[in-house]
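Worksheet: one structure, shown below.
The values are calculated or read from the model by the stated rules, or taken from the named source; none is laboratory data. Predicted model only: the values in this text are computed from it and were never measured. Backbone-built Cβ (ideal geometry, glycine too); neighbour counts: all protein chains shown. To get the accessible areas, we keep the full protein, side chains included, count just its heavy atoms, and leave off ligands, DNA and RNA. Shrake-Rupley method; radii C 1.70, N 1.55, O 1.52, S 1.80 Å.
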Amino acid sequence: MSDQIFIGGGGIDYSEPQYLLLDKGNRHGLIAGATGTGKTVTLQIMAEGFSAAGVPVFLSDIKGDLSGLAAAGSTDSKPHDSFAKRATTIGLDLQYDSFPVTFWDLFGQQGHPIRTTVAEMGPLLLSRLMALTNVQEGVLNVAFRLADEEGLPLLDLKDLQALLLWVGQNAQKLSLRYGNVATSSIGAIQRQLLVLENQGGAALFGEPALELADLMRVKNGRGEINILAADQLMGSPRLYATFLLWLLSELFEELPEVGNPDKPKLVFFFDEAHLLFDDAPKVLVDKVEQVARLIRSKGVGVYFVTQNPADIPDNVLGQLGNRVQHALRAFTAKDRRELKSAAETYRDNPAFDTAEAIQHVGTGEAVTSFLDRKGVPSVVERTLIRPPSSQLGPIDAAARKAIMSASDRAGKYDATIDRESAYEMLKTRAAEAAQEAAAAEAQEAQIAEKEREFKAARRYDGTGASGRSATRKAPQDDSFASALTSAVVKELKGTTGRRIVRGVLGGLFRGR
């Protein structure tokens with residue numbers, strides 16, 4: 001088995017092979033270029049190369065084109081002649097082939113459903129997902145802390161909504177312990193949860209949650225290519241970016257350290273990567289930088305796909321060792337500055353001007369630089385990208401459905417499991433508190449009735465007795481009985497009052 005992936009031919013006549021070394025595949029990468037310059041084909045041939053080497057791949061399919069990885073290309077296809085000509089130019093023996101593919105879809109329509117729980121997503125990413133302010137994020141952190149302390153599992157959106165409702169009802173008490181918990185902030189979070197639900201975000205949360213092992217399978221020596229249907233998901237770009245960042249974070253948290261493997265354990269392609277960083281708070285950018293810096297020791301390679309390298313923060317861009325730069329257009333002064341900045345990140349090649357090459361490479365051509373055996377970026381080369389072995393363009397709906405039905409993941413995630421969690425627990429506690437309050441009210445009514453009967457009886461005894469002594473004793477007996485009754489009723493009423501307050505305000509969260 002080869003220890004490298006053939007990307008294309010470089011040099012003056014495109015005869016110099018350009019390779020991505022497998023043992024440097026976890027050192028991350030960048031695929032950049034303007035719309036229509038060939039980024040998708042580059043992503044496709046990289047996914048093919050990693051899969052053929054036994055490396056599982058995860059990628060998002062923004063336009064639906066990448067489902068063609070599941071089918072072999074054909075000599076009858078429209079681009080065959082141009083592909084054959086390009087293959088001859090770069091010295092490639094082009095063989096058409098298909099690759100093992102698993103389809104995923106947050107909405108469960110074009111692939112197997114893919115979910116996580118609210119607890120696994122965590123308050124930081126949820127705050128990013130809902131565009132919360134710092135104050136609102138603080139309130140969300142309080143809610144998550146309470147869920148942990150009270151043993152209330154947060155699995156789906158209704159769990160979080162129920163928990164926030166309780167927090168709002170007890171805001172004054174909680175503020176003494178956790179700092180100010182403003183009900184206005186809770187209301188704002190609830191509104192954002194409603195917006196998220198209307199955008200289809202509820203489908204992301206629940207059980208069964210995704211098992212990472214299902215993304216890291218090897219079939220007959222080939223790594224499975226996991227394709228996330230993202231055409232509909234892109235209608236909610238913040239949901240798209242947050243989900244992929246969550247998945248990346250989960251890989252970082254769950255996978256063991258492997259050091260410097262001979263090949264990656266998984267390669268992750270993050271298409272439309274600019275969505276991850278648009279208006280992102282510094283704490284989130286810092287998290288992405290941390291994951292990019294450390295996840296390579298877990299054997300995971302991350303490849304950002306975007307139009308312009310300027311979309312990626314410098315601290316993250318500096319972590320990307322393998323680069324394919326398709327054409328950038330320079331129509332404005334800002335474009336020219338960004339073009340110059342992109343060129344300066346490559347090692348100069350005396351044969352051509354890098355900035356000039358980036359501006360004028362044609363479709364299917366790119367400026368490339370890959371890490372060499374010593375881990376040093378190679379000199380930049382003008383490279384003709386190899387044609388794909390799999391089908392260019394999407395497969396039809398029937399073929400997709402057949403692949404989904406034949407998958408051993410079929411049925412595993414289809415049905416949602418709604419086990420007892422925060423929503424059900426809080427509902428039970430509320431019902432118990434209501435019963436407790438109703439019983440207390442009934443007891444209070446019973447005591448009040450006995451008090452009335454007692455007073456009525458004393459009045460009857462006083463007026464019905466004969467003799468002067470009975471007349472003299474009656475006021476004393478009435479005064480004593482009235483005082484005793486009032487004291488008992490006052491004590492019982494106080495107990496009832498405390499019981500009602502505790503049941504309605506505090507009992508929902510009291511440990512049972």
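Points to keep in mind about this one:
- Segments 343-356, 232-245 sorted - mean Cβ within 10 Å per residue, highest first: 232-245, 343-356
- The stretch 388-438: translational diffusion in µm²/s, Stokes-Einstein, Kirkwood Rh over Cα pairs, 4 °C, 1.567 mPa s: 83 µm²/s
- The stretch 64-171 - Debye-derived log10 I(q)/I(0), Cα point model, q = 0.15, 0.17, 0.19, 0.24 Å⁻¹: -0.75, -0.87, -1.00, -1.26
- Surrounding net charge for residue 241, when Lys and Arg each add one and Asp and Glu each subtract one, Cβ distance under 14 Å: -2
- Rounded percent of accessible protein surface that carbon and sulfur make up, the stretch 108-204, 1.4 Å probe: 50 percent
- Charged-residue dipole, Cβ positions (Lys, Arg, Asp, Glu), the stretch 360-412 about Cα centre, Debye nearest 20: 240 debye
- Volume of the Cα convex hull of the stretch 251-384, divided per residue and given in Å³: 123 Å³
- Note that the chain presents 46 Å² accessible area per residue, ligands and nucleic acids not counted, probe 1.4 Å.
- Per residue convex hull volume, Cα atoms of the stretch 36-77, in Å³: 91 Å³
- Assuming charge only on the beta carbon of Lys and Arg (+1) and of Asp and Glu (-1), the dipole of the chain about its Cα centre is about 1960 debye to the nearest 20.
- Across the accessible surface of the stretch 271-416, with the other protein chains kept in place and a 1.4 Å probe, carbon and sulfur atoms take up 51 percent.
- Degrees between helix 157-169 axis and first principal axis of the chain (Cα, 0 to 90, nearest 10): 40 degrees
- With a Förster radius of 51 Å applied to the C-beta separation of residue 283 and residue 457, the computed FRET efficiency comes to 0.10.
- Taking every Cα-Cα distance in the chain and sorting them into 20 Å bins from zero, the calculated P(r) comes out as 19, 41, 20, 9, 6, 3, 0 percent.
- Scaled radius of gyration (Cα, divided by 2.2 N^0.38 Å) that the stretch 176-267 gives: 1.51
- Sorted into 5 angstrom bins from 0, the C-alpha pair distances of the stretch 1-100 split as 2, 10, 19, 25, 24, 15, 4, 0 percent.
- Highest mean packing comes first when the peptides 182-192, 75-85, 52-62 are listed by Cβ atoms within 10 Å, giving 52-62, 182-192, 75-85.
- Near the amide H of residue 98, within less than 5 Å, lie the amide hydrogens of 72, all on another chain or at least 5 residues away, with H placed in the peptide plane.
- Estimated from helices alone, the mean residue ellipticity of the chain at 222 nm is -15000 deg cm²/dmol (sum of -39500 (n - 2.57) over DSSP H runs with n ≥ 4, per residue).
- Per the Cα gyration tensor, the stretch 347-433 maps to an equivalent ellipsoid with semi-axes of 54, 25, 14 Å, ordered largest to smallest.
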